[in-house]
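Worksheet: one structure, shown below.
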Amino acid sequence: MSDPVIVCDRLCVRLGGVTVLKGLSLTVHEGDFLAVLGPNGGGKTTLLKVILGLVKPVSGTVRVFGKEPGHADGRIGYVPQTLHFDRSFPISAMEVVLMGRLSRKRLLQRYGREDRRKALEALEITGLASLARRRIGALSGGELQRVLIARALAGEPELLLLDEPTASVDPEMKTTIYDLLDNLRRHHTIVLVTHDTGTIGRHVSRIACLNCTLDMHEKGSTLSRATLENLYRYPVDVVEHRDSSGTAKYHDHA
Amino acid sequence: MSSSIATLPERQNITTMPDILHFEFIRNAFLAAILTSVACGIIGTYVVVRRIGFISGGIAHTAFGGIGLSYYLGLNPLVGIIPFSLIAAIGIGLLSRKARISEDTAIGAFWAAGMSAGVILIGLTPGYAPNLFSYLFGNILTVPTSDLQLILLLDLLVMVMVGLLSKEFLAISFDEEYAKISGLKTLALDLVMLCLIALTVVIMVRIVGIVMVIALLTIPAAVARSFSQSLYRMMAFSTLFSILFSIAGLWLSWIFDLASGATIIMVAALVFLVNALLGIHGNRQTQC
């Protein structure tokens, strides 16, 4: 078996004096499709930022592809939340997707034909090739979300990190995005952060519940309806048991 | 307030463009307007899309310390502004991003400290400070050829830097976090951009003065944004608007004997207002 893609060991993160992650241990293997569920403020986005090297833990270690975070050299594709984007920014979908090629370019080096080809390919995968020249302000929430997924794909990553990709889209688009992820998981390791507990169980291989501490649910590749129902309720449980013992626990619900 | 053109003879008979172009200072004024507009359109676009107008205002006002220093040392004020505005750019940039100081606090501190340094230095300079008003409020009609050369040089520098770093600047403007993840040195790029804003401030001081730099830096770009498909078109359009505002303002200030810098800003503000009002009725989707 190959080396794990992500290894977090007893990770503690404090932001502005508040403990956001406490004693978190997590291992993600190649080919995993991991969903991290949890309430707002539970540290889901922070976990992604630690993996990306944007936030430094106060204790514990993180290894991504066997290296310190921030040194993955374009092997990670990150899909941030759409909320913080300025939709009035004069930029086309294609230009956004081209940014996915940044990690493969040197300073001052311009995007070339190869970059444009990869960007267009990524737009085709996400079903947006016809909107390549459209300004992002004229895209719907779901289309913008898929543009951001295309941007991540354009960099030809092995690991995809998605932050609430279905938070601001209508139910139909939600299905489209999950279908897209179902296709992508064949070639990518995926970590998805969401509080969309409704449909997630059908798509992912593992589920972790995060509220400062992490509860891992290992179930193999198939999920029975009974365990799914168990999972639907789970995030509510997490909210209620906010001040649990404070150490990482591994549950096996299978 | 009356501008220096009031003393010129036969002004009343000269109201059309070709006539006033006979004067060298008018030709210089037009050249200054065009050269300034290039830097202003390019850099103003970044200022508007990144929403850093207040930083630019801070840099401009800190530069007043440079004017004070120049008077004190007997130098060309434009030369004194360059180090002051660069220090302001790097200082505000580093303080707000590295130290745990909020950006508006850092800007406010530099803004006021720069102004006070200028006031003290001008007070220490014996005698009356000539042309002080033209640096505060601009006077496009008194731009000497030597300043034009400096403006041209800085213009070229701004264009070359933006040309070289266009990919990086677009990335940090649109999504700084993603740029950082992609391995860009975002802090360094940020500081370079702030320094380019500082140099653009130097270029613009002659035209609209320190106090009104923010307006000419942001209004043409803000008007251009609503119908620009890309950042580069927005730069082109805002350069055009800036030229239009400057020349219209210059011409109106000549006819009605008004202060040129302030007239340019009034023209720009009027167009901005009309554009904003039309935007309320017109298509909202590009404005969001």
Next on the checklist: Take the residues in region A:82-103 that are assigned to a loop (DSSP other than H, G, I, E, B) and within 7 Å of chain B (Cβ to nearest Cβ); name whichever of them is nearest to B:Met234 (Cα to Cα).
Outcome noted: A:Pro90
Checklist entry - Which condition does A:Val7 not pass, out of (1) of a type in the set (A, V, I, L, M); (2) over 21 Å from B:Glu177 (Cα atoms); (3) under 18 Å from the mean Cα position of the chain (by Cα); (4) surrounded by 21 or more Cβ atoms within 10 Å (Cβ to Cβ), if it passes all the others? => result (4)
Checklist entry - Which residue, of B:Thr200, B:Thr186, is within 17 Å of B:Leu86 (Cα to Cα), hydroxyl-bearing (Ser, Thr, Tyr) and more than 10 Å from chain A (Cβ to nearest Cβ)? => result B:Thr200
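Return yes when A:Leu153 is assigned to a helix (DSSP H, G or I), open to solvent by 10 Å² or more (accessible area, probe 1.4 Å) and either touching a His at 6+ places or on another chain (Cβ under 7 Å) or within 14 Å of chain B (Cβ to nearest Cβ) (or both) and no when it is not. Can you show your working first?
Values: assigned to a helix (DSSP H, G or I): yes; open to solvent by 10 Å² or more (accessible area, probe 1.4 Å): yes; either touching a His at 6+ places or on another chain (Cβ under 7 Å) or within 14 Å of chain B (Cβ to nearest Cβ) (or both): yes.
Against the criterion (assigned to a helix (DSSP H, G or I), open to solvent by 10 Å² or more (accessible area, probe 1.4 Å) and either touching a His at 6+ places or on another chain (Cβ under 7 Å) or within 14 Å of chain B (Cβ to nearest Cβ) (or both)), A:Leu153 qualifies.
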Checklist entry - Just a yes or no: is a residue in region B:84-106 farther than 30 Å from B:Leu240 by Cα, assigned to a helix (DSSP H, G or I), of a type in the set (Asp, Glu) and modelled with pLDDT under 95? => result yes
Checklist entry - When you scan region A:47-81, how many residues do you find that are at positive phi and in a strand (DSSP E or B)? => result 1
Checklist outcome for this item: Of the residues in region A:112-136, those that are out of contact with any Lys or Arg (no Cβ under 6 Å at 6 or more places or on another chain) and not in a helix (DSSP H, G or I) come to A:Gly112, A:Gly127, A:Ala132, A:Arg133, A:Arg134, A:Arg135
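For the subset of region A:20-45 comprising residues that are polar (S, T, N, Q) and open to solvent by less than 50 Å² (accessible area, probe 1.4 Å), which member is nearest to the chain's Cα centre (by Cα)? Even if it seems obvious, please write down each step before you answer.
Here is the first cut: in region A:20-45, the residues polar (S, T, N, Q) are A:25, A:27, A:40, A:45.
From the residues that got through so far, the ones that are open to solvent by less than 50 Å² (accessible area, probe 1.4 Å) too are A:25, A:27, A:45.
On the way: A:Ser25: 17, A:Thr27: 15, A:Thr45: 9 Å.
Only one residue tops the list, namely A:Thr45.
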Checklist entry - Taking region B:175-195 on its own, how many of its residues are open to solvent by less than 20 Å² (accessible area, probe 1.4 Å) and touching a residue at least 60 places away in the same chain (Cβ under 8 Å)? => result 3
Next on the checklist: For the condition open to solvent by less than 30 Å² (accessible area, probe 1.4 Å), of a type outside the set (A, V, I, L, M) and over 19 Å from the mean Cα position of the chain (by Cα), what is the one hit in A:Gly137, A:Gly77?
Outcome noted: A:Gly137
Next on the checklist: On the basis of being more than 29 Å from B:Ser226 (Cα to Cα) and loosely packed, with under 15 Cβ neighbours inside 10 Å, does A:Arg117 make the cut?
Outcome noted: yes
Checklist entry - Among the residues of region B:47-83, which ones are open to solvent by less than 10 Å² (accessible area, probe 1.4 Å) and assigned to a loop (DSSP other than H, G, I, E, B)? => result B:Ala63
Checklist outcome for this item: The residue that is nearest to the other protein chains (Cβ to nearest Cβ), considering only those in region B:218-236 that are open to solvent by 10 Å² or more (accessible area, probe 1.4 Å), among the aliphatic types (A, V, I, L, M) and farther than 12 Å from B:Val49 by Cβ, is B:Ala236
Checklist entry - What residue, among those in region A:108-138 that are within 7 Å of chain B (Cβ to nearest Cβ) and in contact with a helix residue (DSSP H, G or I) (Cβ under 7 Å, 6 or more places away or on another chain), is farthest from A:Glu156 (Cα to Cα)? => result A:Leu108
Next on the checklist: Given (1) at pLDDT below 90; (2) among the hydroxyl-bearing types (Ser, Thr, Tyr); (3) open to solvent by 50 Å² or more (accessible area, probe 1.4 Å), identify the lone condition not met by A:Thr82.
Outcome noted: (3)
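Closer than 17 Å to B:Gly44 by Cβ and open to solvent by less than 10 Å² (accessible area, probe 1.4 Å), is that true of B:Ile207? Walk me through how you get there before you give the answer.
Numbers: closer than 17 Å to B:Gly44 by Cβ: yes; open to solvent by less than 10 Å² (accessible area, probe 1.4 Å): yes.
It is true that B:Ile207 is closer than 17 Å to B:Gly44 by Cβ and open to solvent by less than 10 Å² (accessible area, probe 1.4 Å).
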Checklist outcome for this item: B:Ser146 passes all but one of the listed conditions (1) open to solvent by less than 10 Å² (accessible area, probe 1.4 Å); (2) over 25 Å from B:Leu240 (Cβ atoms); (3) touching a residue at least 12 places away in the same chain (Cβ under 8 Å); the exception is number (1)
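Quick one: would you say B:Leu121 is open to solvent by 20 Å² or more (accessible area, probe 1.4 Å), within 18 Å of B:Arg206 (Cβ to Cβ) and of a type in the set (A, V, I, L, M, F, W, C)?
Answer is no for this residue.
The values are calculated or read from the model by the stated rules, or taken from the named source; none is laboratory data. Bear in mind the structure is a predicted one, so any value in this text is a computation, not a measurement. Virtual Cβ from ideal backbone geometry, glycine too; neighbours counted across all protein chains shown. Please note that ligands, DNA and RNA were not included when accessible areas were found on the heavy atoms of the full protein model with its side chains. Shrake-Rupley method; radii C 1.70, N 1.55, O 1.52, S 1.80 Å.
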